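*Asks:* Dropping a structure here in structure tokens format, bear with me for questions.
The values are calculated or read from the model by the stated rules, or taken from the named source; none is laboratory data. What you see is a predicted model, and the numbers here were worked out from it, not measured in a lab. Neighbour counts are summed over all protein chains in view; Cβ atoms, including those assigned to glycine, are modelled from backbone coordinates with ideal geometry.
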Amino acid sequence: MRIGRMGLGRGLVLVAWMALAGCNQIAAERDGSADGADPAASLLERAEGGDVDAQLAAGRFYKDNAPDAEGAERARRESEALRWLTLAAEAENPEAASDLGIVLATADGTNRNLKEARRWLGRAGQAGQAPAYFMLGEISQSGEDAPPNPVMAAEFWRKAADLGHVGALHRLGEAHEQGLGLDADLDAAVAYYRDAASKGYVNSQYRLAVLFDEGVLIGRDALEAVKYYRMAAEQGHAPSQSQLGYLYARGDGVVQRYDEAVRWSRMAAEQGDPDGCNNLAVLHLKGLGVEQSFDEALRWYRLAAQHNHPGAQNMLGTIYLTGQGVEIDATEAEHWWRMAADQGYAAAQYNLGGMFSRKLSSTITRDEALDWLVRAAEQGHRSAGKELAELQAEIAAETAVAGEATNDPEAPVPAAADTVTL
């Protein structure tokens, strides 16, 4: 299992939806054209006639549907969003001004204009629009059009939070946790996360779960971890679902129940979560909560490996080398071990290094094998350390023999590979 951590930095496009979290909006008319590319003709007719609410609704329709399109069609929808939102904003509609600023900040290509976005977002914020202040914080933190200013970002997020923006509470928690723009204060960070989590904010629920699960920054509390994983999982958050399934399988913070481990892991796996796929592979392999099935285990290991889960990649390599349910294929084993090793997975690094001494690979050289064994040994992999010492001793012996063969006691002896002290 991997317990992920959420970072502070994100692209503005990815957080545009957060700018609207927890705020009332004028409901846009969703009845669009047959292909969903345009709003209803009746709405456009009212907008053309100067109805500000209709202009706002039309602008929001295009804004919300633009991410579903690509290329020229996306650009068209963004342009239409800008057109209608500008008309409504110029009619002193603060919600339109806020949405206009958000589109200007997150649009693609020539539709994007951060300077103009700041202008409209500033107006909207002064008119009490929390999403506008939130987006101003995102822009200030990103440093896209000016050096990053975390202090200013925190000020904007605080204003948004004061106006009821839940996503801003999470951002303030991150700022306190990381000491960016605010004093590093873990207690304050947790307080902000708890506030946002109690309001249903998934990112805060997940962050709290990870903090209590890892037990690094704060004392480990499995019960609190399960509580927040469950809150996020019930909202469909795949990483929380997979980790909740893992905790059920271990009986950590909950009564051990393999049926619940399967249920939550499957929910995550069906969303493509690599940990969820790996969970299901292990459960099928061992017949825990499901009928034992190597074919199902192999299927889920493949899916997890394709989603870059290093543990699953390492397991696939082992399966191909040993021929468990598949034809023995050392080349395929090397492929998956290399994928995992490149991600720093110590067991796969050891396996790659071992392929040389066992003469299982025609491509891995002794120097490369040494490199992989050193990397694994430095992570505390004992078998790698032992094999590394044996390979280094072999090299030293060969070097000594080569020196004797020169019959010249003064001949320089080539340096052996660097050793690793374990």
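*Asks:* Suppose we filter ALA168, ALA184, ALA160 for residues that are more than 20 Å from GLY143 (Cα to Cα) and not acidic (Asp, Glu); which single one remains?
*Replies:* ALA184
Listed here are the residues, each with its yes/no results for (1) buried (at least 18 other Cβ atoms within 10 Å of the Cβ); (2) under 30 Å from TYR133 (Cα atoms).
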site	(1), (2)
ALA175	yes, yes
SER204	yes, yes
ARG250	no, no
GLY253	yes, no
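*Asks:* Do you know which residues across the range 51-106 are of a type in the set (S, T, N, Q) and farther than 12 Å from ALA37 by Cα?
*Replies:* GLN55, SER79, THR86, ASN93, SER98, THR106
*Asks:* Sort out for me the helices (runs of 4 or more DSSP H) sitting completely within the range 199-291 that have 1 or more residues that are of a type in the set (Val, Ile, Thr) and closer than 28 Å to MET315 by Cα.
*Replies:* Ranges flagged: 202-214, 222-233, 258-269, 274-286.
*Asks:* What's the total number of residues in the range 342-361 that are closer than 10 Å to PRO310 by Cα and free of Cβ contacts under 8 Å to residues at least 24 places away in the same chain?
*Replies:* Residues meeting the conditions: 1.
*Asks:* Do you know which residues across the range 304-326 are outside any helix (DSSP H, G or I) and either buried (at least 19 other Cβ atoms within 10 Å of the Cβ) or free of Cβ contacts under 8 Å to residues at least 24 places away in the same chain (or both)?
*Replies:* Matches in the range 304-326: HIS309, GLY323.
*Asks:* Same structure, new question: Would you say ALA330 is in contact with a Ser or Thr (Cβ under 7 Å, 6 or more places away or on another chain) and at pLDDT 95 or above?
*Replies:* In short, yes.
*Asks:* Can you name every one of the helices (runs of 4 or more DSSP H) wholly within the range 337-422 that holds 3 or more residues which are at pLDDT below 95, closer than 28 Å to ARG302 by Cα and of a type outside the set (S, T, N, Q)?
*Replies:* Per the criteria, no element qualifies.
*Asks:* Right, something else. Here are some residues: TYR301, TYR228, TYR258. Which one is of a type in the set (Phe, Trp, Tyr), in contact (Cβ under 8 Å) with a residue 24 or more places away in the chain and closer than 18 Å to TYR345 by Cα?
*Replies:* Of TYR301, TYR228, TYR258, the one residue that is of a type in the set (Phe, Trp, Tyr), in contact (Cβ under 8 Å) with a residue 24 or more places away in the chain and closer than 18 Å to TYR345 by Cα is TYR301.
*Asks:* Is it the case that some residue within the range 164-178 is closer than 22 Å to ALA91 by Cα and among the basic types (Lys, Arg)?
*Replies:* Checked the range 164-178: no residue is closer than 22 Å to ALA91 by Cα and among the basic types (Lys, Arg).
*Asks:* Then there's this: Can you name the number of the only condition in (1) under 24 Å from the mean Cα position of the chain (by Cα); (2) on the phi > 0 side of the Ramachandran plot that ALA232 fails?
*Replies:* (2)
*Asks:* Same structure again: Report whether or not ALA225 is among the small types (Gly, Ala, Ser), within 13 Å of GLY276 (Cα to Cα), surrounded by 17 or more Cβ atoms within 10 Å (Cβ to Cβ) and modelled with pLDDT of 95 or more.
*Replies:* Criteria not met by ALA225.
*Asks:* Residues being over 17 Å from SER204 (Cβ atoms) and either among the β-branched types (Val, Ile, Thr) or surrounded by fewer than 14 Cβ atoms within 10 Å (Cβ to Cβ) (or both): count how many of those fall in the range 233-248.
*Replies:* 0
*Asks:* Within the range 103-117, how many residues are of a type outside the set (S, T, N, Q) and buried (at least 20 other Cβ atoms within 10 Å of the Cβ)?
*Replies:* 5
*Asks:* Among residues belonging to the range 57-102 that are of a type in the set (D, E, K, R) and in a loop (DSSP other than H, G, I, E, B), point out the one that is farthest from ARG119 (Cα to Cα).
*Replies:* GLU70
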